[in-house]
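A.B. asks: Supplied in structure tokens, the structure appears directly below.
The values are calculated or read from the model by the stated rules, or taken from the named source; none is laboratory data. None of these values were measured; they are calculated from a predicted model. As a convention, Cβ positions derive from the backbone with ideal geometry for all residues, glycine included, and neighbour counts pool all protein chains shown.
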Amino acid sequence: MATHPTYVDHHHIESDSSVFFKVATLLLGIAVGIVGFFALMMWADARDSRTDASAAPAARPAAVDHSQAGAMPLNSFAGVVPPNAQALAEAHKAYDAALPAAQAGPVAHVHLTLKDMTVQIAPGVKYNTWSFDGHGAPGPILHVRQGQLVKMTLTNGGTIPHSIDFHAARIAPNVAFRDVAPGESFSFQFRANDPGVFMYHCGTKPVLMHIANGMYGAIVVSPAKPLPPVDKNYVLVASEWYMTTDGIKQPASFDMAKAHAMEPDWTTFNGYANQYVTHPLTAKPGERVRLWVVAAGPTLDTDFHVVGTIFDRAWPNANITGTPQHGVQTVQVPAGGGGVFDVKINEPGLYPFVSHAFAHVDLGQVGLLKIGHPKGTMSH
Ligand SMILES: [Cu+2]
């Protein structure tokens, strides 16, 4: 069984008190160093303001290089893109958010192959993912019908063990969600008895890392008793990215320190920052649009909101067998959870959909729903 190249097994550290105290001592030393560093900067700022009251505020101190020792503050690459970012964003082929048709018949066959691949998660920003089925992240949108038997085969085309955990399944995880070695395939099946929109993801340890590296997606289980009909169905998978570098010259990889600190560099819908700003989702005035939303995390929730309208129907937690809520503005989609939202917009225009935890918008978790043909925008 392959060992992971970069992950530190904290469990072993915690079980060895002498090593633990060495690490604790080291971290304390670093913390003292950081406090000293900022004390110095504050002193310098104070001195500057005394000596030159009319000067602009002192520039922020250069970010500390945390790659040496996991020190704080973390070196953020948020918003760092190459100069031709706009052209790259326009050339980017947006992830197709349209819900695909469910398979006919009593059995749904799903075969996913895991692949290591480099993808862009923002214009010109490359990241080394572990991904489902060559899609990058998220993996393909799966769509089955309530009552179908889902026959799942996972083929590991990567270099370390992986697995797949279906939130739509009631099944013994130690059996169905077990690790699959590189080059091997594994099959299991479950009856999709619970309708909704569910996350699927790799459940191999450290799960935080496997999810953050792009191993997640959404599966829609359509209810046997149909929901009210709509004209458009779109699937959005929210997630965040933690990066070792800016990913511009060389692809970035996963940064465990940032992930533990929950300080992402980018947050996205369907794996690429702002992609539906450049390439909006569309509907005609008066059409009903259903948004199936999953928050993949790995850690952060998504406070889903569409600017300029109100959800006609909202099924929090994707509990679509229950009665929907009406006239709701924002609904939290928890990490590892889903939600289903209907909107009907009569007036042409550009309606942003966001996580209304607004740091996420600045980090890329925003898109546009383009209703009709509003003036003054590019048509894609
Ligand atoms: Cu994995």
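A.B. asks: Please list, ordered by first then second residue, the pairs with beta carbon atoms under 6 Å, 6 or more apart or interchain, first in segment 203-229 and in the same structural domain as Gly158 (by TED's automatic domain parsing), second among the basic types (Lys, Arg).
C.D. replies: Short answer, once both residue conditions are applied: Ser222/Arg145.
A.B. asks: Still on this structure: When you check Val197 against the structure, is it in the same structural domain as Pro374 (by TED's automatic domain parsing) and within 16 Å of Gly336 (Cβ to Cβ), yes or no? Talk me through it step by step, then tell me what you get.
C.D. replies: Working: in the same structural domain as Pro374 (by TED's automatic domain parsing): yes; within 16 Å of Gly336 (Cβ to Cβ): yes.
Yes.
A.B. asks: Given the conditions (1) of a type in the set (Ser, Thr, Tyr); (2) within 16 Å of the ligand (Cβ to nearest atom); (3) surrounded by fewer than 23 Cβ atoms within 10 Å (Cβ to Cβ), and given that Ser239 satisfies all but one, which numbered condition is not satisfied?
C.D. replies: (3)
A.B. asks: Might you check whether a residue that is in a loop (DSSP other than H, G, I, E, B) and more than 30 Å from Ile211 (Cα to Cα) occurs anywhere in segment 353-370? Can you show your working first?
C.D. replies: Residues of segment 353-370 in a loop (DSSP other than H, G, I, E, B): 356-358, 363-365.
Pick out the ones that are also more than 30 Å from Ile211 (Cα to Cα) and you get none.
No, segment 353-370 has no match at all.
A.B. asks: Can I ask one more? Evaluate segment 320-341: report whether one residue or more is at pLDDT below 95, over 27 Å from Gln120 (Cα atoms) and of a type outside the set (D, E, K, R). Show your work before the answer.
C.D. replies: Just the residues of segment 320-341 that are at pLDDT below 95, to begin with: 321-322.
Checking which are over 27 Å from Gln120 (Cα atoms) leaves us with 321-322.
Narrowing further to those that are of a type outside the set (D, E, K, R): 321-322.
Yes: segment 320-341 contains one or more residues that are at pLDDT below 95, over 27 Å from Gln120 (Cα atoms) and of a type outside the set (D, E, K, R).
A.B. asks: Does segment 244-264 contain any residue that is in contact (Cβ under 8 Å) with a residue 60 or more places away in the chain and within 20 Å of Pro140 (Cα to Cα)?
C.D. replies: no
A.B. asks: Based on what the data block shows, is Val277 away from the ligand (no atom under 16 Å from the Cβ) and part of a helix (DSSP H, G or I)? Outline the logic, then answer.
C.D. replies: Working: away from the ligand (no atom under 16 Å from the Cβ): yes; part of a helix (DSSP H, G or I): yes.
For Val277, the condition - away from the ligand (no atom under 16 Å from the Cβ) and part of a helix (DSSP H, G or I) - is met.
A.B. asks: Would you please list the contacts, defined by Cβ atoms under 8 Å and residues six or more apart or on different chains, that run from a residue in segment 349-363 that is touching a residue at least 24 places away in the same chain (Cβ under 8 Å) and buried (at least 16 other Cβ atoms within 10 Å of the Cβ) to a residue that is in a strand (DSSP E or B) and among the hydroxyl-bearing types (Ser, Thr, Tyr)?
C.D. replies: Correct list of pairs: Ser355/Thr267; Ser355/Thr302; His356/Thr330; Ala357/Thr302; His360/Thr267; His360/Thr302; Leu363/Thr267.
A.B. asks: Do any strands (runs of 3 or more DSSP E) entirely within segment 306-346 hold 1 or more residues that are of a type outside the set (Phe, Trp, Tyr) and more than 23 Å from Thr282 (Cβ to Cβ), and if so, which? Step through it out loud before you land on a result.
C.D. replies: On the way: elements: 313-315, 330-333, 337-344.
Filter on segment 306-346 gives 330-333, 337-344.
A.B. asks: Related question: So, of the residues in segment 198-236 that are part of a loop (DSSP other than H, G, I, E, B) and within 26 Å of Pro106 (Cβ to Cβ), which turns out to be nearest to the ligand (Cβ to nearest atom)?
C.D. replies: Checking each candidate, the answer is Pro223.
A.B. asks: Still on this structure: Count, please, the residues in segment 122-142 that happen to be of a type in the set (A, V, I, L, M), touching an Asp or Glu at 6+ places or on another chain (Cβ under 9 Å) and within 14 Å of the ligand (Cβ to nearest atom).
C.D. replies: Total meeting the criteria: 0.
A.B. asks: Out of segment 143-197, which residues are charged (D, E, K, R), within 12 Å of the ligand (Cβ to nearest atom) and in a strand (DSSP E or B)?
C.D. replies: The one that is charged (D, E, K, R), within 12 Å of the ligand (Cβ to nearest atom) and in a strand (DSSP E or B): Asp165.
A.B. asks: Within the set of pairs 6+ apart or on separate chains, which have a first residue in segment 158-170 that is within 12 Å of Arg191 (Cα to Cα), a second that is away from the ligand (no atom under 11 Å from the Cβ) and modelled with pLDDT under 95, and C-beta atoms under 7 Å apart?
C.D. replies: Ala169/Ala176
A.B. asks: Can I ask one more? May I ask you to say which residue of Thr268, Thr278, Thr302, Thr244 is touching a Ser or Thr at 6+ places or on another chain (Cβ under 7 Å), more than 27 Å from Val328 (Cβ to Cβ) and among the β-branched types (Val, Ile, Thr)? Give the steps one after another, and end with the answer.
C.D. replies: Numbers: Thr268 fails: more than 27 Å from Val328 (Cβ to Cβ); Thr278 fails: touching a Ser or Thr at 6+ places or on another chain (Cβ under 7 Å); Thr302 fails: more than 27 Å from Val328 (Cβ to Cβ).
Sole residue among the options that is touching a Ser or Thr at 6+ places or on another chain (Cβ under 7 Å), more than 27 Å from Val328 (Cβ to Cβ) and among the β-branched types (Val, Ile, Thr): Thr244.
A.B. asks: Hey, another quick one. For segment 227-273, give me the residue count where each residue is more than 30 Å from Asn319 (Cβ to Cβ) and basic (Lys, Arg).
C.D. replies: 2
A.B. asks: Next question, about the same structure. If you scan segment 113-129, which residues turn out to be over 13 Å from Trp241 (Cα atoms) and surrounded by 24 or more Cβ atoms within 10 Å (Cβ to Cβ)? Steps first, please.
C.D. replies: Restricting attention to segment 113-129, the residues satisfying the condition of being over 13 Å from Trp241 (Cα atoms) are 113-118, 123-124.
Correct list: Leu114 only.
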